[in-house]
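Colleague: Quick one: the structure is below, questions incoming.
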Amino acid sequence: MAETARAVERLLNHSFENKKLLEEALTHSSYADSVSYERLEFVGDAALGLAVSNYVFLAYPELDPGRLSLIRAANISTEKLARVAIRHGLYRFARHNAAALHEKGKGVCSSSAAGG
C-alpha cells in the first residue's frame, strides 16, 4: 500500500500527512479486513456539496435556487465524479473485491472515450 500511496500523491501533486486516511479513502467496502471509504465519503460529500454550492451561488447571481441546485447536482453526481477519477487515473488505485465495480468502471471508461 505504501507504493500505491506514493503513486497517488505523485498523481495529485500532494503529500498526505496521514497515509492511513489515504488508504481508507482508496478502499471499497468489498475489500476484506479493511476500513472502507464510507465514513470519509459522508464528510467528503458534505464538503464538496458546500464548496460547489458556494461556487455556483457566487458565479451565477442571476439564477434562482432551482437552477443553482441543478448545476450543483450535475457537478457532484456519482457518475461525474467517477468520470473525473477515471480521467485522472485514480480508479487504478482503488482497492476492492467487487467484479461488478470493475465492470462498471470499464463501462464509464468506454463511454468517456466515446465522448459521453
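Colleague: Keeping every protein chain present and rolling a 1.4 Å probe, give me the accessible area per residue for the range 1-90 in Å². Please list the in-between numbers first.
Modeller: Numbers: 6510 Å² over 90 residues.
Ligands and nucleic acids excluded, the result is 72 Å² per residue.
Colleague: Related question: Taking a ≥ b ≥ c as the square roots of the eigenvalues of the Cα gyration tensor of the range 1-61, is the shape rounded (a/c under 1.5), prolate (a/b larger than b/c) or oblate?
Modeller: Values: a/c = 3.53, a/b = 1.71, b/c = 2.07.
It comes out oblate by the Cα gyration axes.
Colleague: If amide hydrogens are placed 1.01 Å from N in the peptide plane, which non-local residues have theirs closer than 5 Å to the one on ARG95?
Modeller: Close amide H contacts, sequence-distant or interchain: THR27, HIS28.
The values are calculated or read from the model by the stated rules, or taken from the named source; none is laboratory data. Here the structure is a predicted model, which means the values were calculated and not measured. Please note that ligands, DNA and RNA were not included when accessible areas were found on the heavy atoms of the full protein model with its side chains. Shrake-Rupley method; radii C 1.70, N 1.55, O 1.52, S 1.80 Å.
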